[in-house]
Amino acid sequence: MPAPSLILALLFVVCFTLATWLQPWHQSWAGGRAQSDSLLGVVMGNSRQLFANHFFTKADVYFHSGYYPSVFDQAIGGAPHITAAKDAAAETDAEHGREQSEEAGFLGPPRDWIDRFSRNFYPSRHSHLDRPGEAREILPWLRIAADLDPHKVETYTVAAYWLREHLNRVDEAEQLLREGWRANPDSYEILFELGRVFDENRHDSQRARNVWELALGKWRQRSARNGEPDDFVLEQILTRLAQLEEREGHWEKALSYLEKLEAVSPKPEAIQQQINDLKKKVVSAPPANRSGAQQTGKP
Amino acid sequence: MNNALSVASIVIKELYRRKDFYVLFVLTAIITLLMGSLHFFNDDRIVRYLKEICLLLIWISALAIAVGTSARQIPAERENRTIFPLLAKPITRGQLIAGKFLGCWLACGLALIVFYFFFGVISVSREHQWAAASFFQALWLHWWMLGVVVAMTLLGSVVFAAPSSNGTICLLIILSILLLGRHLNKVAVQLAEPMSGVVSAVYFAVPHLELFDVRDLVVHNWDPINWLICVGATLYAAAYAIFFLFATWLVFRRQPLV
């Protein structure tokens, strides 16, 4: 029986040898968390996405002041969504009303006396954070969701929308979108939202145009790659570009965007009407303006 | 009644002599203050996330205090053999149970007052408004919920062998009720018989502790609950607490002490 100290020394040498072999292998392993650039990534791994989704939903719960279906209710009637309110600007009142009435019914009539009684103890009426500045309460959860999953594009676009539209925090919105853009360089959704910051808040048409044109390019690349075009965002990008070019007097470009928009819009008649109106405007404009507009309208 | 109050006063003294409450309060305060020091998008008026975290910690701490304190009362008296001189006072077993319950419940109430005072200070300092009625209702309902928890745990302490197993089982039951209690009826309608009937029976039989959880109303600044509804909830909790205490007495009155 050899001395225990020798066994200990042998074990130490084996461990050391294994460590020198395993460490480089682990560093180069594709599934290793050590390559992650943040502490959260190392500690939580892919579970971050799960938590990010939870916190994104939490923001939605806050947006509805706690009135939100549980997993049991969602199995029956679906969930309201914060992005529905974000996109409400592009919706008709009837569409938003439909969303509200669907939500109002998720609890349904009380099933028994306990159910009826319990509704006094939790938010059981549909509500939004409508009062000025109240929307700030959703921001912590969106910030955490963005930190946990930097590749969830929706988090950036939703947070930026509330920051600039309801809280007048344009700088923070732009900063967040740029952060999202760095993490998701191919995202046309973030570029579209960034274009809105430049156009609506900074009133910088040139930069808005550049960003939206870049978004259009990214959209084409992604559509060619995936084969499933996201027509909803394309429609918004083309609409904004057409409006911008018309406002700037670049009627030829505006007409070209409207013609592309007509092909993807769910209401092509309305777009055709806009095209006709714009053509009339071009014809009735003074020749000097028309030629000038055409010159500046060249790409 | 005097005998029960004497026992209760000893239990209250035990709470403030032990470190549990202080540790939980300091932990709650530190975590809340750390979370409060965070700033999101340069906006220092965001408060609801902080209220939610603080209330969650208060609920966890209060449950730990209530179950921990109640679970060890009778087993500790047995283990230390102090139950013999206590019952020789003379004091009946019913009075002993009533005293232990009162002591634990009042001790929880005192702890809650300190916790909710801290919560109020944090909330007012950020929000600059004092929703006194909502805060009082939250504290009141929380205290009555703990009354049911204390009574349930006392029952467990005469049924189960050790305080640790009693505490674990009680906490599991309480957490299950808090998380699932409200939804059991929805689950029941989607099940086939006889499971549907079983789940429905459980739904109507268990004390609905989740009724007393008005954190969402406080966090999101909803109006206070109708006071009559509050009285109804109080009676509901009182009925269950009395039921559990009576069951405890039924088990304990014929139980050998050694």
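Laboratory data are not the source of any read-out in this text; all were calculated from the coordinates shown. It should be emphasised that the depicted structure is a prediction, and the values quoted were computed from it without experimental measurement. Note that we place each Cβ from the backbone using ideal geometry, even for glycine, and neighbour counts take in every protein chain shown.
Quick notes
- Each of B:Met35, B:Met195 has some number of other Cβ atoms within 10 Å of its Cβ, and from fewest to most they run B:Met195, B:Met35.
- In region A:189-289 the Cα-Cα distances spread across 10 Å bins starting at 0 as 16, 44, 32, 8, 1 percent of all pairs.
- Sorting B:His208, B:His220, A:His128 from the fewest to the most surrounding beta carbons within 10 angstrom yields A:His128, B:His220, B:His208.
- Its Kirkwood hydrodynamic radius, worked out from the mean inverse distance over all distinct Cα pairs, puts region B:198-258 at 14.4 Å.
- Gyration tensor (Cα) of chain B, equivalent ellipsoid semi-axes in angstrom: 33, 25, 16
- Here the protein assembly as shown is treated with +1 on each Lys and Arg Cβ and -1 on each Asp and Glu Cβ, and its dipole about the Cα centre works out to around 2060 debye.
- Taking a sphere under 13 Å around the Cβ of B:Ile12 and counting the other residues whose Cβ falls inside, with K and R at +1 and D and E at -1, yields a net charge of +3.
- Each residue in A:Cys15, B:Cys170 was given a count of other beta-carbon atoms within 10 angstrom of its own, and listing them fewest first yields A:Cys15, B:Cys170.
- Point-to-point label distance, B:Asp44-A:Asn168, nm (Cα→Cβ direction, 7 Å offset): 1.9 nm
- Using 0.36 nm per residue and subtracting the Cα-Cα separation, the extra length available between A:Val43 and A:Phe72 on full extension is 7.3 nm.
- Average projection area in nm² (convex hull over Cα atoms of region B:1-119, one quarter of hull surface): 8.0 nm²
- The distance between label points at B:Ile60 and B:Ala192 comes to 4.1 nm (points 7 Å beyond Cα on the Cα→Cβ vector).
- Once both labels are positioned 7 Å from their Cα atoms along Cα-to-Cβ, the gap between B:Ile229 and B:Ser9 label points is 4.1 nm.
- Contour minus Cα-Cα distance for A:Arg182 and A:Glu213 (0.36 nm per residue): 9.4 nm
- Legend: P(r) of the protein assembly as shown from all alpha carbon pair distances, 10 Å bins from 0, whole percents, reading 3, 13, 19, 19, 16, 13, 9, 5, 2, 1, 0, 0.
- The calculated FRET efficiency for the pair A:Phe117 and B:Val114, based on their C-beta separation and a Förster distance of 30 Å, comes to about 0.50.
- Contact order relative to length of chain B, as percent, for alpha carbon pairs under 8 angstrom and 6 or more apart: 27 percent
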